[in-house]
Amino acid sequence: VSQDGWQPIPAGGAETYRLRAGPVGLHPYHCHALPLSQHIARGLYGALIVDPPGGRAPAHEFVLVLCGFDLDGDGRNELYAWNGVAGFFARFPIKVPAGERVRLYLVNMVSGDPVASFHLHAETFDVYRTGTRLEPDEHTDVVTLSQAERAVVEFQLPERGRYMFHPHQVHMAERGAMGWFAAV
Ligand SMILES: [Cu+2]
């Protein structure tokens, strides 16, 4: 099997991939079995984090993978979700301590929409694109990611309360990808 992972593994088979853990950063993975578009539209992917030597600064860390689900096979997404369950973080806010560093590992795995963003209400954040460098690329409140792009973002929520987050493509927010942080 080719180590770049495109060759199919037969049902019931197994294969071991060996990879060097690098570069430092945030990397998605997905299958290359056909029909690939349907596998992406059904959530067959994940995220791999490679820490820098010595690790990053202490923080409350969360991985948020943005998913788009094509429920009826028309090539368009009907539902969106962070980490696979539409509406989850609208019902169950992500709790973080007020005033402490929060680090998000953001991955855009939505296929069928050209871009998706992550927007946070009321606070701004440092953006480390792909997480491959340890100096921030920008400081903003919205980061836009094309397909399979990712970013590490860091912020603090100084005041207790609820802070909404969502893609600023509002159809995604309305169809499952709106969520909350609860600073406690
Ligand atoms: Cu908003």
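Within the stretch 137-171, the set of residues being among the acidic types (Asp, Glu), surrounded by 16 or more Cβ atoms within 10 Å (Cβ to Cβ) and part of a strand (DSSP E or B) comprises GLU154 only.
If only one of VAL110, VAL115, VAL153 is among the hydrophobic types (A, V, I, L, M, F, W, C), closer than 19 Å to ARG76 by Cβ and either within 16 Å of the ligand (Cβ to nearest atom) or free of Cβ contacts under 8 Å to residues at least 60 places away in the same chain (or both), which one is it? Outline the logic, then answer.
Details: VAL110 fails: either within 16 Å of the ligand (Cβ to nearest atom) or free of Cβ contacts under 8 Å to residues at least 60 places away in the same chain (or both); VAL153 fails: closer than 19 Å to ARG76 by Cβ.
On inspection, the qualifying residue turns out to be VAL115.
The residues of the stretch 159-173 that are over 15 Å from the mean Cα position of the chain (by Cα) and within 11 Å of the ligand (Cβ to nearest atom), listed by number, are TYR163, MET164, VAL170.
The set of residues in the stretch 95-136 being surrounded by fewer than 16 Cβ atoms within 10 Å (Cβ to Cβ), of a type in the set (Lys, Arg) and either assigned to a strand (DSSP E or B) or modelled with pLDDT under 95 (or both) consists of LYS95 alone.
Would you please name the residue that is nearest to VAL110 (Cα to Cα), looking only at residues in the stretch 49-61 that are open to solvent by less than 70 Å² (accessible area, probe 1.4 Å) and part of a strand (DSSP E or B)? Can you show your working first?
Within the stretch 49-61, the first condition is being open to solvent by less than 70 Å² (accessible area, probe 1.4 Å), and the residues that meet it are 49-50, 52, 55-57, 59-60.
Filter once more, keeping what is part of a strand (DSSP E or B): 49-50, 60.
Details: ILE49: 19, VAL50: 22, HIS60: 25 Å.
The extreme case among them is ILE49.
Is there a residue being in a strand (DSSP E or B), under 13 Å from the mean Cα position of the chain (by Cα) and closer than 28 Å to TYR163 by Cα anywhere in the stretch 33-44? Checked against the condition, which is being in a strand (DSSP E or B), under 13 Å from the mean Cα position of the chain (by Cα) and closer than 28 Å to TYR163 by Cα, the stretch 33-44 yields no hits at all. Of all residues in the stretch 171-182, those that are on the phi > 0 side of the Ramachandran plot have Cβ atoms under 8 Å from Cβ atoms of residues that are away from the ligand (no atom under 11 Å from the Cβ), 6 or more apart or on another chain, in GLY176/LEU79; GLY176/TYR80; GLY176/ALA81; GLY176/ALA86; GLY176/GLY87.
In the list LEU64, LEU79, which residue meets the criterion of being open to solvent by 10 Å² or more (accessible area, probe 1.4 Å), modelled with pLDDT of 95 or more and among the aliphatic types (A, V, I, L, M)? Reasoning before the result, please.
Numbers: LEU64 fails: open to solvent by 10 Å² or more (accessible area, probe 1.4 Å).
Result: LEU79 is the single residue among LEU64, LEU79 that is open to solvent by 10 Å² or more (accessible area, probe 1.4 Å), modelled with pLDDT of 95 or more and among the aliphatic types (A, V, I, L, M).
Could you please let me know if VAL85 is open to solvent by 30 Å² or more (accessible area, probe 1.4 Å), part of a loop (DSSP other than H, G, I, E, B) and not charged (D, E, K, R)? Yes; evaluated as a whole, the condition is true for this residue.
The values are calculated or read from the model by the stated rules, or taken from the named source; none is laboratory data. Predicted model only: the values in this text are computed from it and were never measured. For neighbour counting, all protein chains shown are included, and Cβ atoms are generated from backbone atoms with ideal geometry for every residue, glycine included. Accessible surface areas use protein heavy atoms only, side chains included; no ligands, DNA or RNA. Shrake-Rupley method; radii C 1.70, N 1.55, O 1.52, S 1.80 Å.
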